[in-house]
Structures are given as C-alpha cells and as structure tokens.
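Comments concern the structure below.
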Amino acid sequence: MVEVAASSTSSSSIFTNYPLLSAVVAFAIAQFIKFFTSWYKERRWDFKQLVGSGGMPSSHSATVTAVAAAIAFQEGVGGPLFAIGLILACVVMYDATGVRLQAGRQAEVLNQIVYELPAEHPLAESRPLRELLGHTPPQVIAGGLLGIVTAAIGYI
C-alpha cells in the first residue's frame with residue numbers, strides 16, 4: 001500500500017509564500033514608481049501607468065528578479081528552483097529590451113504613417129497602436145535592482 005503525503009501543511013499558505021509575496025510587492029512598487037516617473041517626464045498624471053507596460057522602472061524585471069532572488073535567499077542558488085527563476089528572469093528581461101522594445105518603436109512609426117494618410121484612406125480612421133511596450137536597458141536594470149532589494153528586505 002502506498003501512502004500519499006499531504007501536499008501542504010497547515011502553516012503553508014499562499015499568504016506566506018515568500019517568493020510570491022516578493023514578486024507581488026516588487027511589481028506594485030515598480031508600478032507605483034512608474035506613475036511618478038511618468039508625471040516627472042510628462043508633467044501630467046497618467047493613471048494608466050499604474051497598470052500599463054513600459055516606462056521606468058520595468059515592473060516585469062522587478063517581478064522576475066524578486067522571484068529569483070527570493071528563491072536564492074530561501075533555498076540557495078544550487079537547486080533547480082533557482083535555476084528556473086534565473087532563466088525566467090533572463091528571458092523576460094531580454095525580451096523587454098529586445099522584441100518588445102522594437103515592437104514599440106515599430107508601432108510608433110506605423111502610427112505616424114497612418115496619421116499622415118489622407119482622410120479618405122480606409123486606414124486613416126484606425127485606432128493607434130500602443131507604443132510603450134518594451135523597456136530601455138536602464139529601465140530593465142532599475143527594475144531588476146528593485147526586485148533584488150524587495151526580496152532582500154522581505155528576507156530580513
């Protein structure tokens with residue numbers, strides 16, 4: 001007869017999951033900071049920055065580095081969980097500065113082309129594409145540092 005071990009103990013819960021909490025807090029802080037950095041740059045309040053992508057710092061980078069750092073602090077760097085967290089963080093940050101940044105720049109050019117079309121053109125009335133999709137390297141680095149600091153403070 002095979003015994004099945006309980007998958008969770010009574011003291012374990014989603015509310016005590018340190019890597020998850022670190023990620024959520026880092027994301028929230030990054031979005032909150034982004035709201036103010038957007039105001040500093042544009043001199044107007046943009047509430048979309050509280051949930052939007054793009055901008056300083058990268059909330060995606062903050063989130064994935066907080067997960068990887070929290071796993072490193074909790075489990076060490078020698079196990080498979082840290083490897084998964086580290087690779088995930090690298091892929092997300094590479095994508096933010098590569099594919100998504102270039103897609104945003106393409107959207108900017110396409111929006112300008114559509115804007116210059118004559119009014120009778122079928123595409124003249126199309127909705128503009130979102131331009132803030134990716135991040136510059138400094139935005140990704142700032143998000144990564146925020147994630148590590150958030151996980152470190154949570155560990156202490």
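The numbers here are math on the coordinates, done by the rules we state, and not lab data. Here the structure is a predicted model, which is why all the values come from computation and not from measurement. No Cβ is skipped: glycine too gets one built from the backbone with ideal geometry, and neighbour counts run over all protein chains shown.
Summary of values
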quantity	calculated
For the chain, calculated [θ]222 nm from helices alone, where every DSSP H run of n ≥ 4 adds -39500 (n - 2.57)	-21000 deg cm²/dmol
Taking the stretch 88-156 and dividing mean pair separation by its residue count, relative contact order in percent (alpha carbons under 8 Å, at least six apart)	40
Over the stretch 70-156, equivalent-ellipsoid semi-axes from the Cα gyration tensor in Å	41, 12, 9
Mean Cα-pair separation over length for the chain, i.e. relative contact order, pairs under 8 Å, 6 or more apart, %	32
Compactness relative to 2.2 N^0.38 Å, alpha carbon Rg of the stretch 107-156	2.02
Inter-label distance, nm, simple model (7 Å from Cα along the C-beta direction), N17/V91	1.8
Calculated on alpha-carbon atoms, Rg and Dmax of the chain in Å	20.2, 77
Span-rule helices in the chain, defined as complete DSSP H runs reaching 30 Å or more along the axis (Cα) with Kyte mean at least -0.5	18-42
